[in-house]
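Shown next, in structure tokens, is the structure this report addresses.
The values are calculated or read from the model by the stated rules, or taken from the named source; none is laboratory data. Since we're looking at a predicted model, the values are computed, not measured. Backbone-built Cβ (ideal geometry, glycine too); neighbour counts: all protein chains shown.
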Amino acid sequence: MKRRSVLLLAASLAGSRSFAKEAAYPDRTVRLVVPYPPGGSADLVGRMVAEKMSLSMGQPVIVDNRGGASGAIGSDFVARAPADGYTLLMALSDTHAINPAVMSHLPYDAVRDFARISLLATQPMLLVVGQHMGANTLAEFVAAAKRKPGSVTFASNGKGGLQHLSMELFGRSAGIEMLHVPYKGTAPALTDVMGGQVDSVMISLQGAGGNLGAGGLKAIAAASEKRLAVAPTIPTFAESGYPQIIVWQWYGLMAPRGTPEAVIELVNKHARAAMATQDVASRLRAAGTEPGSSSPEAFRQFQLAELQKWSRVAKSVGVRLD
């Protein structure tokens, strides 16, 4: 009985220390891993939320850029980190929906190895064509592709990425056959669309930069539920009869599996407050990105739906990157 009492007391003390540790969170610097190099859209969103969370949490939230392998290196680093809330991940559609759909040997499990915290923002993709192409509407684009199957070309920043799979999704929905021309990055892909070597590309407004209009590119459809506030003249795919074409780059906060629920809830609270601030919202919307937030469970369901969608597309196309 005496030994049992000692064990119960020890367990109680351990539980009290764990509770106290969680209650004190955060008492030191929090690291937010962005699994891509500085300067991109993921880095932009990450630095915005880190800045606001630093102020509200009372501890520095620093951005740690760990690029490589399409985001897999940084994601795996967080998956293996201590589950204490001091290492967080800027997760993207690429790292947690696209990569699992096309890569058989990812070092992490995109569902099992992470705890969802909150969705942060979505960035709709646009179907952009070169000025050399006669199509000014989505209907004209589809008609051109149907007249001569395989003659209309589309660029991407690489096989098996969001730009590639989103065009494959559209092609199957519209019943058209297009020729994929992969590049090693978005910049050379855009250059050849503007130069007339390739007809089209699916890209975000931020990715297109100042190349729309006089820059040599025409945006003919937005893969969003409604027109972008910053570009209201661009019709949606739904307006042209393709409501299923909702394609976005999304950004969210995750933590290693096993992170205490109390910590997840606290980070969720601060992340949601950060995304609701006026300066963050206005800066993101100016780049064609819609700020948002969610509960951990809603983010989990959102990720699962995205993973299922892109897994179906990758399977139908036969894309595997092994």
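Any idea which of (1) without any contact (Cβ under 8 Å) to a residue 40 or more places away in the chain; (2) part of a loop (DSSP other than H, G, I, E, B); (3) of a type outside the set (Gly, Ala, Ser) is the one Ile234 doesn't satisfy?
(1)
Restricting attention to segment 99-147, which residues are over 30 Å from Arg80 (Cβ atoms) and either of a type in the set (Phe, Trp, Tyr) or part of a loop (DSSP other than H, G, I, E, B) (or both)?
Hits for segment 99-147 are Gln131, His132, Met133, Gly134, Ala135, Asn136, Thr137, Phe141.
Of Gln249, Gln206, Gln244, which residue is farther than 30 Å from Pro60 by Cβ and among the polar types (S, T, N, Q)?
Numbers: Gln249 fails: farther than 30 Å from Pro60 by Cβ; Gln206 fails: farther than 30 Å from Pro60 by Cβ.
Going through Gln249, Gln206, Gln244 in turn, just one is farther than 30 Å from Pro60 by Cβ and among the polar types (S, T, N, Q): Gln244.
Is it true that Pro60 is surrounded by fewer than 17 Cβ atoms within 10 Å (Cβ to Cβ), outside the structural domain of Leu162 (by TED's automatic domain parsing) and either modelled with pLDDT under 95 or closer than 29 Å to Ala314 by Cα (or both)?
On the way: surrounded by fewer than 17 Cβ atoms within 10 Å (Cβ to Cβ): yes; outside the structural domain of Leu162 (by TED's automatic domain parsing): yes; either modelled with pLDDT under 95 or closer than 29 Å to Ala314 by Cα (or both): no.
Here the answer is no, as Pro60 does not meet what is asked.
Based on what the data block shows, is Asp94 closer than 27 Å to Thr277 by Cα and of a type in the set (Asp, Glu)? Steps first, answer last, please.
Details: closer than 27 Å to Thr277 by Cα: yes; of a type in the set (Asp, Glu): yes.
For Asp94, the condition - closer than 27 Å to Thr277 by Cα and of a type in the set (Asp, Glu) - is met.
Of the residues in segment 78-93, how many are buried (at least 21 other Cβ atoms within 10 Å of the Cβ) and either not assigned by TED's automatic domain parsing to the domain that holds Ala276 or not in a strand (DSSP E or B) (or both)?
4
Scan segment 286-296 for residues that are hydroxyl-bearing (Ser, Thr, Tyr) and buried (at least 18 other Cβ atoms within 10 Å of the Cβ) and jot them down. Working first, answer last.
The initial filter retains those residues of segment 286-296 that are hydroxyl-bearing (Ser, Thr, Tyr), namely 289, 293-295.
Answer for segment 286-296, where residues must be hydroxyl-bearing (Ser, Thr, Tyr) and buried (at least 18 other Cβ atoms within 10 Å of the Cβ): Thr289, Ser293, Ser294.
Filter segment 297-322 down to the residues that are more than 17 Å from the chain's Cα centre (by Cα), loosely packed, with under 12 Cβ neighbours inside 10 Å and assigned to a helix (DSSP H, G or I) and list them by number.
Glu297
Ser75: at pLDDT 95 or above, assigned by TED's automatic domain parsing to the domain that holds Ile117, surrounded by fewer than 21 Cβ atoms within 10 Å (Cβ to Cβ) and assigned to a helix (DSSP H, G or I), yes or no?
Numbers: at pLDDT 95 or above: yes; assigned by TED's automatic domain parsing to the domain that holds Ile117: yes; surrounded by fewer than 21 Cβ atoms within 10 Å (Cβ to Cβ): no; assigned to a helix (DSSP H, G or I): yes.
Considered against the rule, which asks whether it is at pLDDT 95 or above, assigned by TED's automatic domain parsing to the domain that holds Ile117, surrounded by fewer than 21 Cβ atoms within 10 Å (Cβ to Cβ) and assigned to a helix (DSSP H, G or I), Ser75 comes out as no.
Is there any pair with a first residue in segment 294-322 that is on the phi < 0 side of the Ramachandran plot and a second that is charged (D, E, K, R) whose Cβ atoms are under 6 Å apart and which are 6 or more apart or on different chains, and what are they?
Pro296/Arg116; Phe299/Arg116; Arg300/Arg116; Val313/Glu168; Val317/Glu168
Identify all residues within segment 194-210 that are over 23 Å from Ile246 (Cα atoms) and in a helix (DSSP H, G or I); write none if there are none. I'd like the intermediate steps shown before the answer.
Just the residues of segment 194-210 that are over 23 Å from Ile246 (Cα atoms), to begin with: 194-198, 210.
Within segment 194-210, Met194, Gly195, Gly210 meet the criteria.
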